[in-house]
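Undergrad: Structure in structure tokens, see below.
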Amino acid sequence: MSLPVHAVALIGAFTCLLNACTSNPPPTDADVIVIGSGIAGLSAALEANAHAANVLIIETASVAGGHAVKAGGFALVGTPLQERKGLKDTPNLAFDDLMTWGEDPDPDWVRLFVENSRSEIHDWLGGFGIRFTILLDTPEDTVPRFHFAGGAAVNVIVPMLREAVTRDNLEFIMNAEAVDLAMNETGRYNVRIRNTRSGVQRNYTAPAVIIATGGFQSNLDLVRQNFHPRDSEHGAAPERLLIGSGQYATGTGIRLGQAAGAQLIRMDRQVTFINGLPDPHDPQRGLHVENPAAIKINAKGNRFVNESAHSKTIESAVMRLDRRMHWLVFDDKGRKKLRIRGAVWLNRDTIVSEILDNPDSVHQANTITELATAAGLNADSLQATIDRYNRLVADGEDLDFARFGPLSGQTGSAVQPVTSPPFYAVRLLPMTRKSMGGLAIDMNTQVIGPGNQPIEGLFAAGEVTGVAGINGSHGGSGTFLAPSVLTGRIAGRNSAASARRAGTITAAFNHPDERPRITTDTESQARLMTSAELRSLLKHQRAGYWHWERSHAVVIERALACTDCHSPDWPTKPAITLRQQLLQLETCTQCH
Ligand SMILES: Cc1cc2nc3c(=O)[nH]c(=O)nc-3n(C[C@H](O)[C@H](O)[C@H](O)COP(=O)(O)OP(=O)(O)OC[C@H]3O[C@@H](n4cnc5c(N)ncnc54)[C@H](O)[C@@H]3O)c2cc1C
């Protein structure tokens, strides 16, 4: 019996497991290679696979899903949910909203997006059992169109991953960072990967490659080099800028694309948030802090903006401030309203012990004067600002910034004065977030190369392209996740067509269910681990174990038993087989 190269590759990995790695490294051919397993890469892989391509997904992390695991909603137009709520949304309405809010988006991509979001995104995801059930209103949309699948986007990612691991001819290579991309003598692409745990390098080849590595917002050098003067009165990037994006959003795909001749576009369009608090565990990174009960204060101790205005207004007001930093000031009643986004911060006790009661993060005092001194603010002006604010709240009208009162359409009664000690001040800094530029692509998502010509066999999707310029200069709500699916699917089907032209698409084949589905570092596959061993391993960091260490620190913090997630079917070792993968996927929503 002759097996397709791909099946041999997998069996090769398996024998390696049983025979302590005596076999040769497995062959590594595919029709389409997708670099990155975020929502764009997953959409691309599923779509290419549906078009009969043998697909390999290369992922640097030990878990798939990318940013979407931490993200929220999707911009979708003309959905059943909108209809059920009696809302009439149309592509024309959405087109106008996006063009106005973004100011200079790519009109062709906006048009394609608004006309196809229902069929290409909503209905397609529905095929994997994903249901959008919550709709939020946002300032930029004339009709609410910010859709959520029950809760966060992890509810979209897990069903997509379940589908992907179940598909034949679609394989994940985990802990594999793509480090080089080049055309070889036979006209195929070589994607060189480095195993993040063992350091071993290996080549994978295919006639078509999709770069879906996400944005570059965790690469501060790249962010600074491309900071647009529009984003600040001072021209340059803020002196202190925290990292507010994912662990692996370092722009490696941009470098890979450039090595293959790609052009870049709109690199200076970046979403910078203004509410970052240095993470006590890693002060370079920012936590996303919100407190609707607080007032916002500048370095002079004055209010400077309507705290309830939409993000675009607040962001540009903060970006005009000295050093682009501001303070949230609130009282004891407002203390419980402080929120931090992210898996680790769902537990209120953690916010209290690590942030609210941590003097490095939050200043706390019994009088405004003491608070001002602790926070380095002018005591007289802070006192005057708070006295005036409290008076305006009592009178029911914010004469300074129209946060409440007749002009705002909101009454003062919902707004609390700042009167109950102790008082709190938190200094917030600007923080990187999302890329709205990157690899230039055409309407087929083919990467644009020298002479403005599309490069044969090379595609890109998702945030690495700046989601095709759909956001223009201002990020909208749900306009990253949704267009990542659309660009992913377009890249998927066009890459399959490209591989077909190159003559490599082979007939589908079937595997037994318990074959290895995921290739990870072979060395760690054989051992079982106990709680005691886990605790001692967590004492130091190992290369390639970032997610495992972070997630199992949460396991210990919450005093979970290993058997809450692991079982005889998936013991305390990497999930390799389909069954183990499906069991692992059941755990994601426990933390995300
Ligand atoms: C906290 C947060 C909240 C957000 N909320 C929303 C929201 O509500 N709505 C919305 O529309 N958008 C939101 N966004 C933005 C949105 O999540 C992202 O734009 C989107 O998920 C990007 O998807 P992607 O697949 O293009 O990239 P990513 O999700 O970044 O995936 C890229 C993948 O590629 C991998 N990778 C990177 N380099 C390499 C390499 N060299 N080799 C191999 N693998 C590599 C990464 O590990 C990652 O898994 C949010 C972002 C953040 C950070």
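The values are calculated or read from the model by the stated rules, or taken from the named source; none is laboratory data. Quick caveat: nothing in here was measured; it's all calculated off a predicted structure. For neighbour counting, all protein chains shown are included, and Cβ atoms are generated from backbone atoms with ideal geometry for every residue, glycine included.
Undergrad: Check whether at least one residue in segment 49-67 is among the β-branched types (Val, Ile, Thr) and part of a loop (DSSP other than H, G, I, E, B), and report yes or no.
TA: First, pick out the residues of segment 49-67 that are among the β-branched types (Val, Ile, Thr): 55, 57-58, 60, 63.
Restricting the remaining residues to those that are part of a loop (DSSP other than H, G, I, E, B) gives 60, 63.
Within segment 49-67, one or more residues are among the β-branched types (Val, Ile, Thr) and part of a loop (DSSP other than H, G, I, E, B).
Undergrad: State the number of residues belonging to segment 25-38 that are within 7 Å of the ligand (Cβ to nearest atom) and assigned to a loop (DSSP other than H, G, I, E, B).
TA: Filtering segment 25-38 for residues within 7 Å of the ligand (Cβ to nearest atom) gives 35-38.
Within this subset, residues satisfying the condition of being assigned to a loop (DSSP other than H, G, I, E, B) are 36-38.
Residues flagged as within 7 Å of the ligand (Cβ to nearest atom) and assigned to a loop (DSSP other than H, G, I, E, B) within segment 25-38 amount to 3.
Undergrad: On to the next question. For segment 87-133, how many residues meet the condition of being of a type in the set (Ser, Thr, Tyr), part of a helix (DSSP H, G or I) and more than 23 Å from the chain's Cα centre (by Cα)?
TA: If we filter segment 87-133 for residues that are of a type in the set (Ser, Thr, Tyr), which is where we start, we get 90, 100, 117, 119, 133.
Right, trim to part of a helix (DSSP H, G or I) and you get 100, 117, 119.
This time we only want the ones that are more than 23 Å from the chain's Cα centre (by Cα), so: 100, 119.
Summing the residues that are of a type in the set (Ser, Thr, Tyr), part of a helix (DSSP H, G or I) and more than 23 Å from the chain's Cα centre (by Cα) in segment 87-133 gives 2.
Let's see how each residue does on (1) out of contact with any Phe, Trp or Tyr (no Cβ under 8 Å at 6 or more places or on another chain); (2) in a strand (DSSP E or B):
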position	(1), (2)
Val179	yes, yes
Gly199	yes, no
Ser218	no, no
Asp221	yes, no
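Undergrad: What residue, of Gln247, Gln270, Gln284, Gln217, is closer than 30 Å to Ile448 by Cβ and surrounded by fewer than 20 Cβ atoms within 10 Å (Cβ to Cβ)?
TA: On the way: Gln270 fails: surrounded by fewer than 20 Cβ atoms within 10 Å (Cβ to Cβ); Gln284 fails: closer than 30 Å to Ile448 by Cβ; Gln217 fails: surrounded by fewer than 20 Cβ atoms within 10 Å (Cβ to Cβ).
Residue meeting the stated conditions: Gln247.
Undergrad: I need the strands (runs of 3 or more DSSP E) fully contained in segment 373-475, keeping only those with at least 3 residues that are in contact with an Asp or Glu (Cβ under 8 Å, 6 or more places away or on another chain). Before you say what the answer is, go through the steps one by one.
TA: On the way: elements: 423-435, 446-448, 454-460.
It comes to 423-435.
Undergrad: Out of the residues in segment 480-496 meeting the condition of being in contact with an Asp or Glu (Cβ under 9 Å, 6 or more places away or on another chain) and among the hydroxyl-bearing types (Ser, Thr, Tyr), tell me which one is nearest to the ligand (Cβ to nearest atom). Walk me through it before giving the result.
TA: From segment 480-496, those in contact with an Asp or Glu (Cβ under 9 Å, 6 or more places away or on another chain) are 480, 484-486, 488-493, 495-496; that's our starting set.
Then drop every residue that is not among the hydroxyl-bearing types (Ser, Thr, Tyr), which leaves 484, 495.
Working: Ser484: 4, Ser495: 15 Å.
In this case the residue turns out to be Ser484.
Undergrad: Across segment 184-219, what is the number of residues that are of a type outside the set (Gly, Ala, Ser) and closer than 30 Å to Gln270 by Cβ? Working first, answer last.
TA: Narrowing segment 184-219 to residues of a type outside the set (Gly, Ala, Ser): 184-186, 188-197, 200-205, 207, 209-211, 213, 216-217, 219.
Then keep just the ones that are closer than 30 Å to Gln270 by Cβ; that gives 189, 191-194, 196, 209-211, 213, 216-217, 219.
Residues meeting the conditions: 13.
Undergrad: Further question on the same structure: Name the residue that is nearest to the ligand (Cβ to nearest atom), counting only residues in segment 181-190 that are over 20 Å from Ile505 (Cβ atoms) and assigned to a strand (DSSP E or B).
TA: Keep residues of segment 181-190 that are over 20 Å from Ile505 (Cβ atoms), which gives 181-182, 185.
Within this subset, residues satisfying the condition of being assigned to a strand (DSSP E or B) are 181-182.
Numbers: Leu181: 9, Ala182: 14 Å.
My answer is Leu181.
Undergrad: A further question on this structure: Would segment 346-355 turn up any residue that is of a type in the set (Ser, Thr, Tyr) and either buried (at least 20 other Cβ atoms within 10 Å of the Cβ) or in contact with a Lys or Arg (Cβ under 6 Å, 6 or more places away or on another chain) (or both)?
TA: So in segment 346-355, the residues of a type in the set (Ser, Thr, Tyr) come out as 350, 353.
Within this subset, residues satisfying the condition of being either buried (at least 20 other Cβ atoms within 10 Å of the Cβ) or in contact with a Lys or Arg (Cβ under 6 Å, 6 or more places away or on another chain) (or both) are none.
The answer is no, given that none of the residues of segment 346-355 is of a type in the set (Ser, Thr, Tyr) and either buried (at least 20 other Cβ atoms within 10 Å of the Cβ) or in contact with a Lys or Arg (Cβ under 6 Å, 6 or more places away or on another chain) (or both).
Undergrad: Next question, about the same structure. Identify the residue in segment 334-363 that is within 16 Å of the ligand (Cβ to nearest atom) and either basic (Lys, Arg) or in a helix (DSSP H, G or I) (or both) and, among all such residues, is farthest from Thr589 (Cα to Cα). Even if it seems obvious, please write down each step before you answer.
TA: So the first thing to find is which residues in segment 334-363 are within 16 Å of the ligand (Cβ to nearest atom), and the list is 339-346.
If we keep only those that are either basic (Lys, Arg) or in a helix (DSSP H, G or I) (or both) too, we end up with 339, 341, 343-345.
Working: Arg339: 19, Arg341: 15, Ala343: 9, Val344: 12, Trp345: 14 Å.
Top of the filtered list is Arg339.
Listed here are the residues, each with its yes/no results for (1) within 13 Å of the ligand (Cβ to nearest atom); (2) at pLDDT below 95; (3) under 30 Å from Asn444 (Cα atoms).
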{"position": "Ala212", "(1), (2), (3)": "yes, no, yes"}
{"position": "Phe216", "(1), (2), (3)": "yes, no, yes"}
{"position": "Val223", "(1), (2), (3)": "no, no, yes"}
{"position": "His228", "(1), (2), (3)": "no, yes, yes"}
{"position": "Gly251", "(1), (2), (3)": "yes, no, yes"}
{"position": "Arg266", "(1), (2), (3)": "no, no, yes"}
{"position": "His281", "(1), (2), (3)": "no, yes, no"}
{"position": "His288", "(1), (2), (3)": "yes, no, no"}
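Undergrad: Further question on the same structure: Examine segment 428-444 for a residue that is closer than 16 Å to Gly36 by Cα, among the aliphatic types (A, V, I, L, M) and touching a helix residue (DSSP H, G or I) at 6+ places or on another chain (Cβ under 9 Å), and state whether such a residue exists.
TA: Yes: one or more hits.
Undergrad: Now for a different question. Would you confirm, using the coordinates I've provided, whether Leu181 is out of contact with any Asp or Glu (no Cβ under 8 Å at 6 or more places or on another chain) and not assigned by TED's automatic domain parsing to the domain that holds Gly129? Break it down into steps so the answer makes sense when it comes.
TA: Details: out of contact with any Asp or Glu (no Cβ under 8 Å at 6 or more places or on another chain): yes; not assigned by TED's automatic domain parsing to the domain that holds Gly129: no.
Spelling it out, it is not the case that Leu181 is out of contact with any Asp or Glu (no Cβ under 8 Å at 6 or more places or on another chain) and not assigned by TED's automatic domain parsing to the domain that holds Gly129.
Undergrad: Still on this structure, I have one more. Can you tell which of Thr589, Thr563, Thr572 is more than 24 Å from the chain's Cα centre (by Cα), part of a helix (DSSP H, G or I) and modelled with pLDDT of 85 or more? Before you say what the answer is, go through the steps one by one.
TA: Details: Thr589 fails: more than 24 Å from the chain's Cα centre (by Cα); Thr572 fails: part of a helix (DSSP H, G or I).
From the options Thr589, Thr563, Thr572, the qualifying one is Thr563.
Undergrad: Same structure again: Out of segment 39-65, which residues are under 25 Å from Lys573 (Cα atoms), more than 8 Å from the ligand (Cβ to nearest atom) and of a type outside the set (S, T, N, Q)?
TA: Going through segment 39-65, the residues under 25 Å from Lys573 (Cα atoms) turn out to be 42, 56-65.
Within this subset, residues satisfying the condition of being more than 8 Å from the ligand (Cβ to nearest atom) are 56-57, 62-63.
Residues satisfying the conditions are Leu56, Ile57, Val63.
Undergrad: For segment 135-174, name all the residues that are touching a residue at least 24 places away in the same chain (Cβ under 8 Å) and of a type in the set (Asp, Glu).
TA: Those that are touching a residue at least 24 places away in the same chain (Cβ under 8 Å) and of a type in the set (Asp, Glu): Glu140, Asp141, Glu163, Asp168, Glu171.
Undergrad: Out of segment 259-295, which residues are of a type in the set (Asp, Glu) and in contact with a Leu (Cβ under 9 Å, 6 or more places away or on another chain)? Quick ask: steps written out before the conclusion?
TA: To start, the set of residues in segment 259-295 that are of a type in the set (Asp, Glu) comprises 268, 279, 282, 290.
Matches in segment 259-295: Asp279, Glu290.
Undergrad: Quick check: anything in segment 133-147 among the acidic types (Asp, Glu), surrounded by 15 or more Cβ atoms within 10 Å (Cβ to Cβ) and near the ligand (Cβ under 10 Å from one of its atoms)? Explain how you work it out, then say what you get.
TA: Taking segment 133-147 as the starting set, the residues that turn out to be among the acidic types (Asp, Glu) are 137, 140-141.
Next, only the ones that are surrounded by 15 or more Cβ atoms within 10 Å (Cβ to Cβ) stay: 140-141.
Now restrict to residues that are near the ligand (Cβ under 10 Å from one of its atoms): none.
No, every residue in segment 133-147 fails to be among the acidic types (Asp, Glu), surrounded by 15 or more Cβ atoms within 10 Å (Cβ to Cβ) and near the ligand (Cβ under 10 Å from one of its atoms).
Undergrad: Just a yes or no: is a residue in segment 457-468 in contact with a Pro (Cβ under 9 Å, 6 or more places away or on another chain), modelled with pLDDT of 95 or more and away from the ligand (no atom under 16 Å from the Cβ)?
TA: Within segment 457-468, one or more residues are in contact with a Pro (Cβ under 9 Å, 6 or more places away or on another chain), modelled with pLDDT of 95 or more and away from the ligand (no atom under 16 Å from the Cβ).
Undergrad: Can you pull out the residues in segment 74-83 that are in contact with a helix residue (DSSP H, G or I) (Cβ under 7 Å, 6 or more places away or on another chain) and either in a loop (DSSP other than H, G, I, E, B) or away from the ligand (no atom under 15 Å from the Cβ) (or both)?
TA: At the first step, the residues of segment 74-83 found to be in contact with a helix residue (DSSP H, G or I) (Cβ under 7 Å, 6 or more places away or on another chain) are 74-79.
Passing the criteria: Leu76, Val77, Gly78, Thr79.
Undergrad: Pick out the one residue from Val485, Val467 that is without any contact (Cβ under 8 Å) to a residue 40 or more places away in the chain, surrounded by 23 or more Cβ atoms within 10 Å (Cβ to Cβ) and within 30 Å of Ile274 (Cβ to Cβ).
TA: Values: Val485 fails: without any contact (Cβ under 8 Å) to a residue 40 or more places away in the chain.
Val467 is the lone residue from the list that is without any contact (Cβ under 8 Å) to a residue 40 or more places away in the chain, surrounded by 23 or more Cβ atoms within 10 Å (Cβ to Cβ) and within 30 Å of Ile274 (Cβ to Cβ).
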